[in-house]
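The values are calculated or read from the model by the stated rules, or taken from the named source; none is laboratory data. Source: prediction; values computed, not measured. Cβ coordinates were reconstructed from backbone atoms using ideal geometry, including for glycine residues, and neighbour counts include every protein chain displayed. The accessibility values were calculated without ligands, DNA or RNA, using every heavy atom of the protein model including side chains. Shrake-Rupley method; radii C 1.70, N 1.55, O 1.52, S 1.80 Å.
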Amino acid sequence: MTAFMGYKAGMTHIVREVDRPGAKLHKKEVVEAVTIIETPPLAVVGLVGYVETPTGLRALATVWAHNLSEEFLRRLYKNWYRAKKKAFTNYAKKYADAKGKESIAADIKRITDYCSVIRVIAHTQIRKVNLRQKKAHVMEIQVNGGTVAEKVAFAQNLFEKKVAVSSVFEQDEMIDALAVTKGKGFEGVTTRWGVTRLPRKTHKGLRKVACIGAWHPAAVKFTVPRAGQNGYHHRTEINKKIYRIGAAGTNNGSTEFDLTQKSITPMGGFPHYGVVNEDFIMIKGACPGVKKRVITLRKSLLTQTKRSALEKITLKFIDTSSKFGHGRFQTVEEKAKFLGPLKQK
């Protein structure tokens, strides 16, 4: 599989030693910002086969799993509690009789015989993340490697199974992050495009574009900055290095050099998110989107050759102090030890 979905929890910082022979920073410690994305295992519910046509790819057939979770079915309805919840009830009956199984096998055979691109349909287990939403996010994920028959067998074997992030990505890999950016609403040209403010004495405001074009052509060109919606745009940011793929548990914030038993969640939780209880992925730097937003993580489309891309990362320290104010303590125990016995309530 070539992609995964997770939910942005927040940011923290790490300390590591640079391993780049010849560079001035070699063997020196650096502090870097990292983003934590919570990635509970994806559930695979179907597969799609595409044929190549002169106008692009065309979906030939789709095969669905027998049992589909409520999280996934909620995605198919606008209003779940008022719905009759009949989605896929007829399709599920195909698995019960011989004729239905034949039609599923026929679809699999058509995909194997004619298709060149195979993708699995997977959804997030959103109930495992502490969000209000109950409706899963669904996406198609391309399967690469091997013959078409092997791809189809691989995809079919994943039906109703959970796929962990560690089986898709690995430590030190370069990946791409796709998400919808933080929305800013309707903004003027100075904020939206960074145009220079006009002189102080300007009539009718100075945060404007002075001339929006010549008399002819008698139209405003698309290249002229205008006011309008800023943010809440879909963006792809490439080359995010994976610093850690953490497993769900209580001791996933410690390192070889910092043996303190601690979770990746900072004291008091991630602001506007909460506690990370599931698997997570730690990437270098920022990524698009606000907290709680779904982030698509994709394998890089480029062949990575840069030394920074191939560098082995060894974390020395992960900061887990409170992100709400001036965090001074890494763990609750450290805080209690420093403050001593407090007055009983």
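Could you give each residue of the range 55-60 its phi-based ³J(HN,Hα) in whole Hz, using Karplus coefficients 6.51, -1.76, 1.60 with θ = phi - 60°, and x for Gly or Pro?
Those phi angles translate into 9, x, 7, 10, 5, 8 Hz.
Cα-based count: Lys pairs in the range 284-345 below 24 Å, eight or more positions apart or different chains?
18
Which value, in Å² and to the nearest 10, is the accessible area of His234 when all protein chains are kept and the probe is 1.4 Å?
Looks like 110 Å² after rounding.
Excluding same-chain residues fewer than 8 positions from Lys128, which aspartates and glutamates have a Cα within less than 16 Å of its Cα?
List returned: Glu38, Glu70, Glu71, Glu278, Asp279.
How are the C-alpha pair distances of the range 25-96 spread across 5 Å bins, as whole percents from the shortest bin up?
3, 10, 13, 13, 14, 12, 10, 6, 5, 5, 5, 2, 2
Quick one: Cα centre-to-centre distance for the range 296-311 and the range 204-220, in angstrom?
For the range 296-311 versus the range 204-220, the Cα centre distance is 43 Å.
Only bridges whose two residues both fall in the chain count here: according to DSSP, what percent of them are antiparallel, nearest 5?
100
Going from most exposed to least, what order do Phe338, Phe159 have by accessible area with a 1.4 Å probe?
Phe338, Phe159
So if I take the alpha carbon set of the range 71-162, get Rg, then get Rh from the Kirkwood formula, what is the Rg over Rh ratio?
Rounded to two decimals, Rg over Rh is 1.03.
Figure the gain on full extension for Glu150 and Gln304 (residue separation times 0.36 nm, minus the Cα-Cα span) and round it to one decimal in nm.
52.7 nm
Measure out, as a whole number of angstrom, how far apart the alpha-carbon centroids of the range 317-340 and the range 176-197 sit.
35
How large is the helix-only mean residue ellipticity at 222 nm for the chain, computed as the sum of -39500 (n - 2.57) over DSSP H runs with n ≥ 4, divided by its residue count, in deg cm²/dmol to the nearest 500?
Computed ellipticity for the chain at 222 nm equals -4000 deg cm²/dmol.
By how many nm would the segment from Lys316 to Lys134 grow when fully extended, if each residue of separation counts as 0.36 nm and the alpha-carbon distance is taken off?
Value of the extension gain: 61.8 nm.
Counting only residues 5 or more places away or on other chains, whose amide H sits under 5 Å from the amide H of Met5 once H atoms are built in the peptide plane?
Answer set, sorted by chain and number: Leu297.
For the pair Asn90 and Glu32, how long in nm is the line joining their label points, each one 7 Å along Cα→Cβ?
Here the modelled spin labels are 5.4 nm apart.
Computed from the mean reciprocal separation of all distinct C-alpha pairs, what Kirkwood hydrodynamic radius does the chain have, in Å?
Value: 24.0 Å, from the Cα pair sum.
I'd like the Karplus ³J(HN,Hα) series for the range 322-328: coefficients 6.51, -1.76, 1.60, θ = phi - 60°, whole numbers in Hz, and an x wherever there's a Gly or Pro.
4, 8, 10, x, 8, x, 10
Choose one answer from Lys85, Lys291, Lys134: the residue with the largest mean-square fluctuation in a GNM of the chain with alpha-carbon springs under 10 Å.
Ranking Lys85, Lys291, Lys134 by mean-square fluctuation puts Lys85 first.
Per residue of the range 238-250, in order, report the coupling 6.51 cos²θ - 1.76 cosθ + 1.60 (Karplus, θ = phi - 60°) as ³J(HN,Hα) in whole Hz, putting x for Gly and Pro.
9, 6, 9, 7, 7, 8, 7, 10, x, 8, 4, x, 9
What is the distance, in nm, between label points placed 7 Å from the Cα along the Cα-to-Cβ direction at Phe186 and at Phe338?
Going by the 7 Å Cα→Cβ label model, 4.8 nm.
Using only Cα atoms, locate the centre of the range 141-171 and the centre of the range 1-79, then give the distance between them in Å, rounded to an integer.
13
Evaluate E = 1/(1 + (r/R0)^6) for Arg293 and Asn251, where r is the Cβ-Cβ distance and R0 equals 30 Å; express this FRET efficiency to the nearest 0.05.
Efficiency computed from Cβ-Cβ geometry: 0.60.
Comparing Tyr91, Tyr243, Tyr81, which has the greatest mean-square fluctuation in the GNM of the chain with Cα pairs linked when under 10 Å apart?
The residue that fluctuates most here is Tyr81.
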